[in-house]
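Okay, so here's the structure we're looking at.
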């Protein structure tokens, strides 16, 4: 199996030779380390996910072609409030489990018992993943630059593995899209994109996003 | 296994009614990503069998009492559409579908790395659109492709194939007539990379030699089906 070194462009078909599927033998361990999507079975590396094989600094890993969003600390995410108690909000961030936003990490004007008056159920927020437990439950925070409640614009959803297409190499595609549409665009790691601007700009961005989403990876025989 | 032992289903040259040799498979077509709202999906056509499998999850397991603190729960639902058979089937679950759901779940549990997703649930829905014979094999094979499409970590894919006996001759991949009027059926779930077995059922009687022959047919067929699954998952062409 040939190894692709272009892990920064995982969605391009030119690295097709490097696509592996669960159960594929990835060779002997030697002095290498198993990264994401790779397992050591009987002294050999085995792929456990479908994706693009890459090797960086002696770490062999598989970049999944398609997978559900798994939160990692410091990820920027856009979430919807699903529920709240007196001092906690439950946030849907598109992961297997809802994240929690404690009042201490929420907007500073929030007071005990008044969670809903600050961010109500159904509203969207831009937040950052603070910590992720082993059981995949996570805590998000709104303390930081640009982390806020979304009051205008739209939130688009894209499969998380496709956000690389929007951003492009070194953020080129994104900055081009921003200047073309004259919109404010925030691409979150969980595949949600906040677009704010005038209607013509928003529809331009939506059109581009839906085009990118439909440029599917050919999974057909 | 209808017991019509005098129905002749294989000629003197070893050719079967549909023109296949004893070890030949029916045509197979696999497509992934067919259900846009699902996290992973697969459509598989095997002869005139057709199955659509959709995967949802990993997601929070509900109700909470089904959650396992150390691993995910795999929920498999096998269902045949009312129009999938020649006579209309009564919709909904029955004893047969419950049995197949269970054996499919057991087979998949041995490859899916459930311990990576504690307290979650992975939902596997297998819908048989058209049934000829061997739908449990189609369902299980398609489910493993759909799981791989959903990005669920697995140690291997599962290939399921069946061999059986017609007119005292062992043949691979039975069609409807052979299944109904044959003497035995041996579906197996095989891990193609290691040759391990995760599922085996036997309906009817086979002698030791016949069993060995059926086993060999299944193992050979598994590697052929695995190649097709590989092509479907890596975006290659051809069947």
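Answer yes or no: is there a residue in segment B:153-163 that is within 23 Å of residue A:70 (Cα to Cα), more than 9 Å from chain A (Cβ to nearest Cβ) and within 15 Å of the chain's Cα centre (by Cα). Within segment B:153-163, not a single residue is within 23 Å of residue A:70 (Cα to Cα), more than 9 Å from chain A (Cβ to nearest Cβ) and within 15 Å of the chain's Cα centre (by Cα). Among the candidates A:150, A:199, the residue that is touching a residue at least 60 places away in the same chain (Cβ under 8 Å) and more than 28 Å from residue A:51 (Cα to Cα) is uniquely A:150. Of everything in segment A:41-74 that is within 11 Å of chain B (Cβ to nearest Cβ) and without any contact (Cβ under 8 Å) to a residue 40 or more places away in the chain, the residue that is surrounded by the most Cβ atoms within 10 Å (Cβ to Cβ) is A:50. When segment A:125-168 is filtered for residues that are over 13 Å from residue A:101 (Cα atoms) and within 14 Å of chain B (Cβ to nearest Cβ), the ones remaining, listed by number, are A:133, A:134, A:135, A:136, A:157, A:158, A:159, A:160, A:161, A:162. Selection within segment A:211-221: residues that are surrounded by fewer than 17 Cβ atoms within 10 Å (Cβ to Cβ) and within 12 Å of chain B (Cβ to nearest Cβ). The member of this set that is modelled with the lowest pLDDT is A:218. Would you be able to say whether some residue in segment B:112-119 is in a helix (DSSP H, G or I), touching a strand residue (DSSP E or B) at 6+ places or on another chain (Cβ under 7 Å) and on the phi < 0 side of the Ramachandran plot? Within segment B:112-119, one or more residues are in a helix (DSSP H, G or I), touching a strand residue (DSSP E or B) at 6+ places or on another chain (Cβ under 7 Å) and on the phi < 0 side of the Ramachandran plot. Within segment B:203-215, at least one residue is assigned to a strand (DSSP E or B) and in contact with a strand residue (DSSP E or B) (Cβ under 6 Å, 6 or more places away or on another chain).
Looking at residue B:162, is it without any contact (Cβ under 8 Å) to a residue 60 or more places away in the chain and under 11 Å from residue B:46 (Cβ atoms)?
On the way: without any contact (Cβ under 8 Å) to a residue 60 or more places away in the chain: yes; under 11 Å from residue B:46 (Cβ atoms): yes.
Yes.
When we screen A:123, A:134, A:182 for residues that are out of contact with any strand residue (DSSP E or B) (no Cβ under 7 Å at 6 or more places or on another chain), surrounded by fewer than 20 Cβ atoms within 10 Å (Cβ to Cβ) and at pLDDT 90 or above, the only hit is A:182. When segment B:94-117 is filtered for residues that are within 12 Å of chain A (Cβ to nearest Cβ) and surrounded by fewer than 20 Cβ atoms within 10 Å (Cβ to Cβ), the ones remaining, listed by number, are B:113, B:115, B:116.
The values are calculated or read from the model by the stated rules, or taken from the named source; none is laboratory data. On a predicted model such as this, the values are computed, not experimentally measured, just so you know. So basically every Cβ, Gly included, is an ideal-geometry build from the backbone, and we count neighbours across all protein chains shown.
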